Each structure stands twice: as C-alpha cells, then as structure tokens.
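Undergrad: Dropping the structure in here first, questions after.
The values are calculated or read from the model by the stated rules, or taken from the named source; none is laboratory data. On a predicted model such as this, the values are computed, not experimentally measured, just so you know. Don't worry about glycine lacking a Cβ; one is built from the backbone with ideal geometry, like all the others, and counts go over all protein chains shown. Note: areas computed on protein heavy atoms with side chains; ligands, DNA, RNA excluded. Shrake-Rupley method; radii C 1.70, N 1.55, O 1.52, S 1.80 Å.
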Amino acid sequence: MNLGLKMLFGVLILAVSCQTREQLNTSIVIESKTAVDSVTGLVIDKNFELVRGQCTACHSAKLVTQNSASREGWEQMIRWMQRDQGLWDLGENEVLILDYLSLHYGPKKKGRRTPLTTIDWYYLQE
Amino acid sequence: MNRSFKKKSYWSRRKFIQTSSAVTISSLLAPTLLTGYHLRASGISQPGLPGKHPDMLVLNDRPWNTEAPAHLLDEEVTSMDRLFVRNNGLVPSEIDPEKWTLEISGESAVTTKTFTLAQLKSDFEHYTYQLVLECGGNGRSEFDPPAKGNQWTTGAVGAPKWTGVRLKDVLQRAGLKADAVYIGYYGKDTHLSGDPQKVPISRGVPIKKALEDESLIAWAANGKDLPLMHGYPLRLVFGGWPASTSGKWLSRIVIRNQVHDGAKMQGQSYRVPCKPVAPGSKVADEDMCIIESMPVKSIISYPRTGAIIKKNQILEFHGHAWAGDQSVTKVDSSVDFGNTWHPLELKLPSNPLAWQHWSGKMKFPYPGYHELWVRATDNLGDHQPMVVPGWNPRGYLNNACHRIAIRVE
C-alpha cells in the first residue's frame, strides 16, 4: 500500500470514530422521515438541497438513491469521485453531505441471501 | 482454440492478471466544473430509456444504466430493446458513419492502420455469432456490506447475435509484434464531468482472448445496425468476459506490450481481491486482480416470479445458462432449498460463448409458498453457489442461483 492510501485510510478511520455519537443521535429520526422528492427520488430532509445540487451536477440522483453505505463508505465514494471522476473539493459542505447520506442511505443488512420480497403474485394459466 | 483455463484458484477457475498498482492521479478539473453556475437542473428521472422495452428497470439515467427483469430475457436470442445498458460516460452526440474510422495502433503494432467503416465491411470476411454479454457487476445488489455502484439484480446480461469482422483479422492487417500481450480500446463516448481530456472507459483483453474466432468488431446486432446505446456504429464484442471489455463507439484499438492501463483497468474497477477477504475488508489496489472469464450462471426466464398455480398443476419452466469461456454441462432445479436437485433438459449453444437453453416441468403436490431454484454446472465441474459468493469491494461476480417464488393453492 502506498503512503497516500495509508494516509487516506488513517483519515477515514478518524472520521468514523468521530461520527459514531452523531450517527446514534440521528438514527432515531429515520423512521419519521420518509418524504421523498418526486423529481430526484431523494429523501427530503436537512441538507437535501445541498446534496441535490452537488451530487446531481454530474450524475443522476439514482446513483445515490440505489446505493447504501456507512459514513466511511460514502466518504470513500467521494474520494474516488475526486480522484478519478473530476469531483471538486466539497469544502465545509462535505460534512453536511456525509451527514445526509449516512443518515438516509446507510447500510442495509442483507446477510448471504435475503428472502424474496415485493412479489407481484398472479395466476399462471395452464 | 483451447479456451479452458487450467489454473484452479479460489475464485472458481477464473484467471487473473496482477498488474502494477499505479493509480491515476486525477487530472485538473475542467474550469467550468468549479463554478456553482454549472449545477444544471438535473438528476431528473425519465420514464424509460428510448428504444428500450418499457418494463426495463432504469438504475441510472445519467449515465444510462438499465437492466431487464428476468422474464423479459425469455427469448433465445435477446432483442436489443431488452439488452441491459451499462454506460460509463455520455453517448457521443455527433456520429457520421460515412466518416467513422477505426485506428489500429500501439507500441506493439507493426504499423498503424486506419479503416473506414466501409473498408471494414468490404475488406474482411463477415461473421455472426450469438455471444453473451454480462456486466461484471450483475448481481451486485446482493452483497453485504453493500458495494458501491449500480445495484444490478439479475438482468445485466443478454445474448444477441452480433455481426462484424474478426478482431484478429483486423489486428493482423496492422501486424502484431512478438511482445504484444494485450489490446485496449478507445471509444467516442465522453466523460461525465464534461472534461474532454478525460476518458470515461478504456479497457481491453489479453492477446489470447483478442485472437479468438468469436472476438468481433461488430456493426450489427440481430441483423440490424447497432442501436446508439449499444455502440453505433462500431463496437467490440468479447463473449463471456465482463461486458466492459466490449468497448462501444469504437474508434481506436491499441496493441500493447503491457497490460492495458486505460481508464477502469486499474485501481479497483473490474477487479476482485487476488486472495479471499472477509466481508467489508479494505483491499489495497495492488492486491486486486483483473476479472477475466465470467463464472457459471443461469436465470429462470419463465415463468415470471410470483406465479400462483393449482395443486398438481404441471409447471413448465425454462431459462438460459452460460459459463464465461466455458460451456454449461448440467442444469438442476430444486424446490426444497437444495435438499434435492433434479436434472433439467439442456441444449447445446448455437456457437461457442452463446448461452444455452434449459427447460423442465414439475408438479407441486403441496399447497403453500415454494421457491424454484436453478443451478448450472460448467464443463470444469464448477456450479453456482446458493449463497452470495466471496465478498469483494466492488461487488462483482455474484453468480448465486436464481430463484423465483411460486404459490400453490
């Protein structure tokens, strides 16, 4: 591993440990916040406009809404976009964007195989 | 050509090439990107992708990424309106087939050659093959912890009939030096950032794969010009390998004396850990290996999941199976979560690297909720796992068995 990557991981670990309390505090809100923007599909909550503006400048909001990750995972995606995809320095907005993404698009436990869901039952003719 | 990879590795029998971990450091941003004025009204969802079946599932509309629900893939030869789209960049806006050229160059090309589309069609023999294209990330949605990227379920696969010229015939016109090991492609799609200096994707394959009979430079699919979304007017097609190797809007092929180092060849893209890792692990770039042949897999394309049948009604079911560079030798089904497996009828492929059709029928003597699972086995003895296979950071190569829900009343 080169030095740059080591440093990046170091920063990520620090960032995660600092955010644990905040994530615990905000996780209670998830249940009641289900309003979704009809245009982008993004959850409407604090920092929604910011995320819409910054993230959909280059790609569809669907790339956000179909994904889920921890705060660290979202931060890695931002770093990857900055390194390879031309994303700008988000400055002080980065913390706010990560707050929003980790709150509304956090990881979902799936295990090795989930039950089949959203089955649209129909009668199959012989 | 012998297409079996003898090397037995933990990633089934897929073969990998490890290359340097050089990471492309981001080039300077296009100045316009740094201003707030650039934030155009976007992220707007469109009802569907023009030219695609209305039931296709749109995962992303910029860039376009759509997949087929399994039942849409019931045809033996996939219609182009049902073939998944995985774009990395933006579709080129101005295409003039009269002026389109393909350049063959690179440090391991004896000479640089440029062909017009008309020359390709007139100077080389034409071939048509049915070839499976599958996104390396097909099935990504099942990985836990989640992998970033388009959350493909089961539908980023299809097998149209492609028409074009053999890549090897065209490469040999330019000549391959003795040190040639890889080819890389460049296309006319543009980077999402709008930066003309950035290449959205430029991948390739080892020379051995490039020189196979079925490796095509194609201009047609299912007897018609390629649709715009699928690379009109020219693309590569490598059956059985991650579809990202099959470059679209093809304008240049480079013959390389090293593993091609274009966009999305390095870092973590289209790579999996060379050695198995625990779910959620961080893996350094130098420990990631390039995906080559895709693993054995199958889908149940009929009936659509959610079928309600009567007790003792005979359920007929069928689908396709494929195995990267290999062939499928056996397909089995289970309705008891793998306690018992029952062999199904399996057809031979229409040509090497095409998918194969299988079919079965059965009665369900007991009412209630059932699941039909199908498992394919390849000629090397590998079969599909029932659980999601080895976790990897980008969520590639999920070839877990497909299953559908059946209710018996």
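Undergrad: Residue A:103 fails exactly one of the following numbered conditions: (1) more than 11 Å from the chain's Cα centre (by Cα); (2) assigned to a helix (DSSP H, G or I). What is the number of that condition?
TA: Here residue A:103 meets the rest and fails (1).
Undergrad: Just to be sure I understand, how many residues within the range B:45-70 are open to solvent by 20 Å² or more (accessible area, probe 1.4 Å) and within 11 Å of another protein chain (Cβ to nearest Cβ)?
TA: Here the count works out to 8.
Undergrad: Within the range B:73-105, which residues are farther than 21 Å from residue B:160 by Cβ and open to solvent by 50 Å² or more (accessible area, probe 1.4 Å)?
TA: Result: B:90, B:93, B:94, B:96, B:98, B:99, B:101, B:103.
Here is a yes/no grid of residues against (1) of a type outside the set (Gly, Ala, Ser); (2) buried (at least 19 other Cβ atoms within 10 Å of the Cβ); (3) outside any strand (DSSP E or B):
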{"position": "B:365", "(1), (2), (3)": "yes, no, yes"}
{"position": "B:371", "(1), (2), (3)": "yes, no, no"}
{"position": "B:376", "(1), (2), (3)": "no, yes, no"}
{"position": "B:397", "(1), (2), (3)": "yes, yes, yes"}
{"position": "B:404", "(1), (2), (3)": "yes, yes, no"}
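Undergrad: Output the number of the condition that residue B:263 fails; it satisfies all remaining conditions of (1) in a loop (DSSP other than H, G, I, E, B); (2) more than 13 Å from every other protein chain (Cβ to nearest Cβ).
TA: Here residue B:263 clears every test but (2).
Undergrad: Among the residues of the range B:378-395 satisfying the criterion of being open to solvent by less than 10 Å² (accessible area, probe 1.4 Å) and in contact with a Lys or Arg (Cβ under 7 Å, 6 or more places away or on another chain), which is nearest to the other protein chains (Cβ to nearest Cβ)?
TA: B:388
Undergrad: For the range A:39-68, give me each residue that is at the interface with chain B (Cβ under 8 Å from one of its Cβ atoms), open to solvent by 10 Å² or more (accessible area, probe 1.4 Å) and among the aliphatic types (A, V, I, L, M).
TA: Once the filter is applied, which keeps residues that are at the interface with chain B (Cβ under 8 Å from one of its Cβ atoms), open to solvent by 10 Å² or more (accessible area, probe 1.4 Å) and among the aliphatic types (A, V, I, L, M), the range A:39-68 yields A:39, A:63.
Undergrad: Tell me which of these residue B:332 doesn't satisfy, since it passes every other one: (1) under 22 Å from residue B:387 (Cβ atoms); (2) open to solvent by 60 Å² or more (accessible area, probe 1.4 Å); (3) charged (D, E, K, R).
TA: (2)
Undergrad: Show the residue pairs that are 6+ apart or on different chains and have beta-carbon atoms under 8 Å apart, the first residue being within the range B:111-125 and open to solvent by less than 80 Å² (accessible area, probe 1.4 Å), the second being assigned to a loop (DSSP other than H, G, I, E, B) and among the aliphatic types (A, V, I, L, M).
TA: The qualifying pairs are B:117/B:234; B:120/B:234.
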